[in-house]
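Asks: Quick one: the structure is below, questions incoming.
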């Protein structure tokens, strides 16, 4: 059976995976509505040229009858997500009365799904990536895309003996655990969706992580010893992102970011 091919678009700090239908900005996965992402992918496939409004409507909405206002709304969502200014467009340029043009320089990666996303896991490489991320000021050991393009965020245990990291498994991002001095990784999570480990409890018995399941972001913790989980937040809105959770030194609080249009810092007080 032939290996599935993957096409990835990269511009500035944005990475768009056409096969898995996901988008990252500055190395952080971003929740984006499917229709808006389809519009973006269509513009990326036709980058550099004027794409008429009718052409986009026919391709993205297909048989559904909608007005140009629907397209305008999706373009607005994309601009807010990408930080683009319609008056001085870096990415999506408006051609008045006619359509849009994607104007940024784009790098395209093509290859087998495994080839692009699933290399062998190496504890030493993960440790180096974590060190690079920490030196660059990344919060809680979130590695830069250049340091760990395949494994994503990393989180060392308080005693430094273990390293939790994010790894691609099929269409999902799972949390793995590996000894810091090398060894065989252990998979901690198995359910569908994406997860990002950020911080260990001071006692080293729990890892707090952000997760997007069915497009809804929330925070959980998981026990490395028995793999039991507890959901900490109960967000139900697709456009709200909860991320960057960090444990307080005393273990009685978790601080995190909650973002919709802008990000705000929240503190969660934990019960015994």
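The values are calculated or read from the model by the stated rules, or taken from the named source; none is laboratory data. Being a predicted model, the structure only gives us computed values, none of them experimental. As a convention, Cβ positions derive from the backbone with ideal geometry for all residues, glycine included, and neighbour counts pool all protein chains shown.
Asks: Among the residues of region 219-235, is any more than 22 Å from residue 161 (Cβ to Cβ) and under 14 Å from the mean Cα position of the chain (by Cα)?
Replies: no
Asks: Let me ask something else. What number goes with the only condition from (1) surrounded by 15 or more Cβ atoms within 10 Å (Cβ to Cβ); (2) in a strand (DSSP E or B); (3) more than 21 Å from the chain's Cα centre (by Cα) that residue 267 does not pass?
Replies: (1)
Asks: Let me ask another. Could you list, in sequence order, the residues of region 73-105 that are closer than 17 Å to residue 37 by Cβ and more than 25 Å from the chain's Cα centre (by Cα)?
Replies: Answer for region 73-105, where residues must be closer than 17 Å to residue 37 by Cβ and more than 25 Å from the chain's Cα centre (by Cα): just 100.
Asks: Checking residue 212 against (1) part of a strand (DSSP E or B); (2) at pLDDT 90 or above, which test does it fail?
Replies: (2)
Asks: I need the full set of residues from region 237-262 which are exposed (fewer than 13 other Cβ atoms within 10 Å of the Cβ) and within 29 Å of residue 205 (Cβ to Cβ), in order please.
Replies: If the condition is that a residue be exposed (fewer than 13 other Cβ atoms within 10 Å of the Cβ) and within 29 Å of residue 205 (Cβ to Cβ), then 249, 250 are the ones that fit.
Asks: Without any contact (Cβ under 8 Å) to a residue 12 or more places away in the chain and within 29 Å of residue 23 (Cβ to Cβ) - does that describe any residue in region 230-237?
Replies: Checking region 230-237: at least one residue is without any contact (Cβ under 8 Å) to a residue 12 or more places away in the chain and within 29 Å of residue 23 (Cβ to Cβ).
Asks: Tell me the residue from 51, 39, 60 that is touching a residue at least 40 places away in the same chain (Cβ under 8 Å), in contact with a helix residue (DSSP H, G or I) (Cβ under 9 Å, 6 or more places away or on another chain) and outside the structural domain of residue 195 (by TED's automatic domain parsing), please.
Replies: Every option except 51 fails the conditions.
Asks: Let me ask something additional. When the residues of region 183-218 are filtered to those that are more than 17 Å from the chain's Cα centre (by Cα) and in contact (Cβ under 8 Å) with a residue 60 or more places away in the chain, which remaining residue is nearest to residue 154 (Cα to Cα)?
Replies: Checked region 183-218; the qualifying residue nearest to residue 154 (Cα to Cα) is 185.
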